[in-house]
Amino acid sequence: MLNLFLRTILLYLFLLLVLRLTGKRQVADLEPSDLIVTLVIADVGSNAISDPNIPLLYSVVPILGLYLTQQLIAKACLKSDRIRGFVCGTPQYLIKNGVLQEKTLRDTNYAVRDLIEHLREKDVFDPAEVTDAILETNGSLSVRLRPDGVPPTRADCSVPIPNELRPALLIRDGKLCEDGLKDADLSRQAFSNRLKKNGLMPKDLFYAQRGADGSIRVQTFARSGAKVSSLKKEG
């Protein structure tokens, strides 16, 4: 049992490393070729986990082979649009210039009901509001609304555009985020001093984030009542 337990951990770590090296973070990011490789890698790995009589090397070598093949295909797709089109397919217009593309819908096995459902996911409840709808190679739907259906921007309304800062996470789960402090251009000492002015200490906080307006939103631990407050921008 101990041997099986250790094999499972080792294979899990190895599979995690290989899948991370592919650069994909979630299933929605996968092209068809990536999905095939992922499924086969998972199957090969599960065989070695479930059967202790199979040497680990019999799973490691095929998985490495699949990973290298996937990387070669990815490199070839970067070099050639023709290869990429063959392996990954090409984006397809399901709606073009406001007209539903009947042939494309039929070729992609996309029913009108499916199209309307995916439009609702984009907060579009009437296909008449859509100029173009494109089925991307990973299965997602990109939508361009008619000009009269696009909400006005600040520029359209001649409203001054504020100089917004990039939001930065400063404390997460009670721990200081060094990357967030760096993004916010704050040192540990400067951040602590700003908290002290408001009667707080970093160790008191469960969560803190610098917002786009320069203010810092903080929340104390539950043991302190999970109090939420906002520290205004200095200066």
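None of the figures in this text is laboratory data; all of them are computed from the coordinates on show. Only a predicted model underlies this, so the values are computations on that prediction, with no experimental measurement involved.
Ignoring everything except DSSP H segments at least 4 long, calculate the 222 nm mean residue ellipticity for the chain; use -39,500 (n - 2.57) per segment, divide by total residues, nearest 500. The partial results should precede the final answer.
Details: 8 runs with 101 residues, N = 235.
Dividing the helical sum by the residues of the chain leaves -13500 deg cm²/dmol.
Please sort through the DSSP H helices of the chain and keep those with an alpha-carbon extent of at least 15 Å along the long axis and a Kyte-Doolittle average not below -0.5.
2-21, 32-50, 57-79
Only Cα pairs within less than 10 Å get springs; with that Gaussian network setup on the chain, which residue of LEU176, LEU145, LEU64 has the largest fluctuation?
LEU176
Relative contact order for the chain: what percent, with Cα pairs under 8 Å and sequence separation of 6 or more?
Details: 254 pairs, mean separation 26.0, N = 235.
The value is 11 percent.
Across the chain, how many lysine pairs, 8 or more positions apart or on different chains, have C-alpha atoms separated by under 26 Å? Please give the number.
26
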